[in-house]
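Some notes on the structure that comes next.
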Amino acid sequence: MPGTVVVGAQWGDEGKGKVVDLLAERSDVVARFQGGNNAGHTIVTGDQVYRLHVVPSGILYPDTLCVVGNGTVVDPGGLCEEIDELDARGVDLSGLRLSGNAHLIMPYHVMLDGAAEMRLGRFSIGTTRRGIGPCYQDKAARVGIRAQDLLDPKILVRKLEVALEAKNEILDRLFGLPRLDPEVVAEQQLAHAERLRPFIADTALLLDTALRDGKQVLFEGAQGTMLDIDHGTYPFVTSSNPIAGAACTGSGVGPTLIDRVLGVSKAYVTRVGEGPFPTELDDEDGRRMLERGNEFGTTTGRQRRCGWLDLVALRYAVRLSGVTEIALTKLDVLSGFKQVKVCEAYETREGERLVEFPYHQTVFHGCRPLYRSLSGWDDDISGCRRLADLPAAAREYVETISGAVDVPITLIGTGQGRHEVIDEVELSAARRA
Ligand code: GDP
Ligand code: IMO
Ligand code: MG
């Protein structure tokens with residue numbers, strides 16, 4: 001079966017965009033299945049940097065079909081901007097398809113996201129304020145607006161009237177924000193509709209047909225396992241399921257059509273936004289990761305929190321998504337540390353040693369990391385493309401991780417560039433030797 005899911009194995013920003021772009025060279029279709037423009041996926045080719053938010057990371061290959069699936073939430077204005085920017089840079093967008101069932105982020109979702117964060121004050125989640133949560137809320141409450149509604153102006157106004165009846169009360173009475181006129185909102189959205197109309201399609205059918213024809217289909221996750229609304233560090237999570245299982249519901253294909261799950265993990269950990277993070281560093285080592293890794297958010301520009309690799313969380317991610325192989329990115333950032341550490345287990349407040357991720361948030365909040373230290377390496381490994389060219393300590397670091405989570409590491413990132421990677425062919429040859 002030719003379906004491969006690429007999932008973030010941490011708190012997002014693991015380098016999924018780069019990995020998907022790399023694999024897309026040998027794929028026919030790339031499909032996003034959850035999230036929206038809270039995502040920021042970076043692709044670097046030569047001197048060109050592309051920052052994608054909703055458009056799948058296969059778009060740089062003109063023959064690759066790029067699907068924005070039913071499980072995503074799409075800001076029509078944001079998507080039009082993204083399309084226009086890519087178009088202006090000469091990117092061929094004829095392969096883009098948007099599911100008619102994808103939910104649309106409306107202006108009131110963005111307003112409510114910001115207002116809810118303000119109201120939470122010091123308990124805020126640190127969302128990207130793109131309206132993601134409120135849009136998924138409306139989807140579940142069955143008052144959402146979908147991409148297909150853009151094709152029917154009468155229905156669009158009717159649905160906006162229903163949705164705004166309650167929303168206007170909340171905007172006005174709870175948050176002191178202006179009420180919105182359904183006709184005005186509809187007019188704004190219909191201006192985007194003309195631009196988006198050619199892309200709207202039955203993407204579930206398209207994906208199923210591609211898979212049954214033996215085409216290679218990549219499912220591109222956004223966010224990461226620890227931000228999963230069911231399994232992540234709730235409530236400091238996003239409002240969708242970034243784990244591999246969601247590739248099925250979020251795109252409309254059955255699980256039997258997927259046979260490979262690639263988990264993407266940095267060689268260390270970062271997190272943007274609030275919430276617990278056991279291996280977070282507030283010292284020189286953390287600052288070094290921040291600087292060398294240029295750890296600033298692609299979407300909001302916020303500084304990312306940095307820490308040592310957390311193997312307890314990584315094992316959890318492997319388990320939740322049935323990860324069959326790992327892409328370990330940004331190994332180059334760890335060059336120059338005297339020692340590198342990995343968190344092998346947690347210690348609870350009561351002194352218990354945990355190797356499995358605790359299900360109870362009170363326990364998790366009280367966990368402290370138990371580290372294993374390994375030798376660092378001084379050599380600059382930027383752009384390194386062969387396993388044999390890595391210093392022995394770097395190889396040992398990779399092997400330790402792979403051994404601890406019991407999954408092969410088939411890709412190692414050694415730089416931002418598309419080809420700054422030690423790839424699977426190389427690694428499988430190394431394993432055979
Ligand atoms: P995504 O959201 O998972 O696609 O990740 P982001 O694009 O938000 O953040 C990852 C950042 O790391 C981007 O700036 C990438 O260009 C960069 N990156 C990805 N892989 C590597 C790598 O192996 N080495 C280095 N130095 N940078 C990388
Ligand atoms: P990519 O796809 C990192 C975080 C936000 C916040 C929480 C909820 O680039 O890996 P939301 O706006 O989704 O309601 O915010 O989730 N978050 C991300 N962190 N990478 C992302 O996407 C993220 N998308 C959302 O910072 O903590
Ligand atoms: Mg990102």
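Identify the residues of the range 341-360 with backbone N under 20 Å of a label point that sits 7 angstrom from the Cα of Asp283 along the Cα-to-Cβ direction, or state none.
Inside the label zone: 341-348.
Calculate, in nm to one decimal, what Glu352 and Asp47 gain on full extension: separation in residues at 0.36 nm each, minus their alpha carbon distance.
Details: separation 305, 0.36 × 305 = 109.80 nm, distance 5.01 nm.
Difference between extended and current length: 104.8 nm.
What do you get for GluC sites (Glu not before Pro) in the range 342-379 restricted to DSSP loop and a cutoff of at most 15 other Cβ within 10 Å of the site's Cβ?
On the way: sites: Glu344, Glu347, Glu350, Glu352, Glu356; in loops: Glu350, Glu352, Glu356.
Passing sites in the range 342-379 are Glu350, Glu352, Glu356.
Would you compute, from DSSP H runs of 4+ residues alone, the mean residue ellipticity of the chain at 222 nm, taking -39500 (n - 2.57) per run and dividing by the full residue count, rounded to the nearest 500? Walk me through the numbers before you get to the answer.
On the way: 13 runs with 140 residues, N = 433.
Computed ellipticity for the chain at 222 nm equals -9500 deg cm²/dmol.
In angstroms, what radius of gyration and Dmax does the range 25-77 have, counting Cα atoms only?
When restricted to Cα atoms, the range 25-77 yields Rg and Dmax of 11.4, 34 Å.
Taking amide H positions as placed 1.01 Å from N in the peptide plane, with prolines and chain starts having none, which residues 5 or more places from Leu96, or on another chain, fall under 5 Å of its amide H?
Cys66
List the lysines whose Cα lies under 19 Å from the Cα of Lys159, skipping any in the same chain that are fewer than 8 positions away.
Within the straight-line limit of under 19 Å, Lys159 reaches these lysines: Lys139, Lys167.
Give me a comma-separated list of calculated 3J(HN,Hα) values for the range 165-182, in order, Karplus coefficients 6.51, -1.76, 1.60 applied at θ = phi - 60°, integers in Hz, x for any Gly or Pro.
These are the phi-based 3J(HN,Hα) values: 4, 7, 4, 5, 5, 5, 4, 6, 6, 7, 10, x, 9, x, 6, 10, 8, x Hz.
Just want the answer: with Cβ charges of +1 for Lys and Arg and -1 for Asp and Glu, which residue in Leu160, Ile132, Pro198 is farthest toward the dipole's positive end in the range 94-208?
The one lying farthest along the dipole's positive direction is Ile132.
Let me see the P(r) profile for the range 103-198: every Cα-Cα distance counted, bins of 5 Å, each bin given as a percent of all pairs.
Result, from short to long distances: 2, 14, 23, 25, 19, 10, 5, 2, 0 percent.
Order the peptides 258-264, 43-49, 406-412 from the highest to the lowest mean number of other Cβ atoms within 10 Å of their residues. Kindly include the intermediate steps, with their values, before the conclusion.
Values: 258-264: 23.1, 43-49: 13.0, 406-412: 19.1.
So the order, starting with the most tightly packed, is 258-264, 406-412, 43-49.
Determine how many Å³ per residue the convex hull of the Cα atoms of the range 231-307 encloses. Display every interim value, and only then the final one.
On the way: hull volume 9.6 nm³, N = 77.
About 124 Å³ per residue, rounded to a whole number.
What are the ³J(HN,Hα) values, in whole Hz, obtained from phi via the Karplus relation 6.51 cos²θ - 1.76 cosθ + 1.60 with θ = phi - 60°, for each residue of the range 308-313 in sequence order, with x given for Gly and Pro?
Using θ = phi - 60°, the values come out as 5, 4, 9, 6, 5, 5 Hz.
Out of the trypsin sites (Lys or Arg not before Pro) in the range 58-137, which ones are loop residues according to DSSP with at most 10 other C-beta atoms within 10 Å?
Numbers: sites: Arg89, Arg97, Arg119, Arg122, Arg129, Arg130; in loops: Arg89, Arg129, Arg130.
Passing both the DSSP loop test and the Cβ count: Arg89.
Between 0 and 90 degrees, rounded to the nearest ten: what's the tilt of helix 203-212 against the longest Cα principal axis of the chain?
40 degrees
In a Gaussian network model over the chain where Cα atoms closer than 10 Å are linked, find which of Asp228, Asp75, Asp213 has the largest mean-square fluctuation.
Asp213
Working from Cα positions, state the angle (0 to 90°, nearest 10) between the long axis of helix 392-405 and the longest principal axis of the chain.
Orientation of helix 392-405: about 60 degrees from the principal axis.
Rounded to two decimals, what is the ratio between the C-alpha radius of gyration of the range 302-422 and 2.2 N^0.38 Å?
Details: Rg = 15.5 Å, N = 121, 2.2 N^0.38 = 13.6 Å.
Output field value: 1.14.
Could you sort Ser382, Ser265 by their accessible area in this structure, using a 1.4 Å probe and putting the largest first?
Ranked from most to least accessible, the order is Ser382, Ser265.
Residue separation times 0.36 nm, minus the C-alpha to C-alpha distance between Glu85 and Met118: what's the value?
Working: separation 33, 0.36 × 33 = 11.88 nm, distance 3.12 nm.
Here the segment from Glu85 to Met118 would lengthen by 8.8 nm.
Tell me which lysines have Cα within less than 22 Å of Lys330's Cα, excluding those fewer than 8 residues away on the same chain?
Correct list for Lys330: Lys16, Lys18, Lys266, Lys338, Lys341.
Which one of Val217, Tyr268, Ala186 is farthest out on the positive end of the charge dipole of the range 126-278, using unit charges on Cβ (Lys, Arg +1; Asp, Glu -1) and the Cα centre as origin?
Farthest along the dipole direction, towards plus: Tyr268.
Return a whole-number percent for the relative contact order of the chain, with Cα pairs under 8 Å and 6 or more residues apart as the contact set. Each step should come with its number before you reach the end.
Details: 979 pairs, mean separation 84.3, N = 433.
Taking the mean separation of contacting Cα pairs over the length of the chain, I get 19 percent.
In whole Hz, with x marking every Gly and Pro, tabulate ³J(HN,Hα) for the range 272-287 from phi via Karplus 6.51 cos²θ - 1.76 cosθ + 1.60, θ = phi - 60°.
Using θ = phi - 60°, the values come out as 10, x, 8, x, x, 7, x, 9, 4, 10, 10, 8, 4, 4, x, 5 Hz.
Report, in debye and to the nearest 20, how large the dipole of the chain comes out about its Cα centre when Lys and Arg carry +1 and Asp and Glu carry -1 on their Cβ.
Rounded to the nearest 20 debye, it is 520 debye.
Quick one: work out Rg over Rh on the C-alpha atoms of the chain, Rh as Kirkwood radius.
Details: Rg = 21.7 Å, Rh = 22.2 Å.
Computed over Cα atoms, the ratio is 0.97.
The values are calculated or read from the model by the stated rules, or taken from the named source; none is laboratory data. Since we're looking at a predicted model, the values are computed, not measured. Methodologically, a virtual Cβ is constructed for each residue, glycine included, from the backbone with ideal geometry; neighbour enumeration extends over all protein chains shown. Side chains are part of the model used for accessible areas, which takes the heavy atoms of the whole protein and leaves out ligands, DNA and RNA. Shrake-Rupley method; radii C 1.70, N 1.55, O 1.52, S 1.80 Å.
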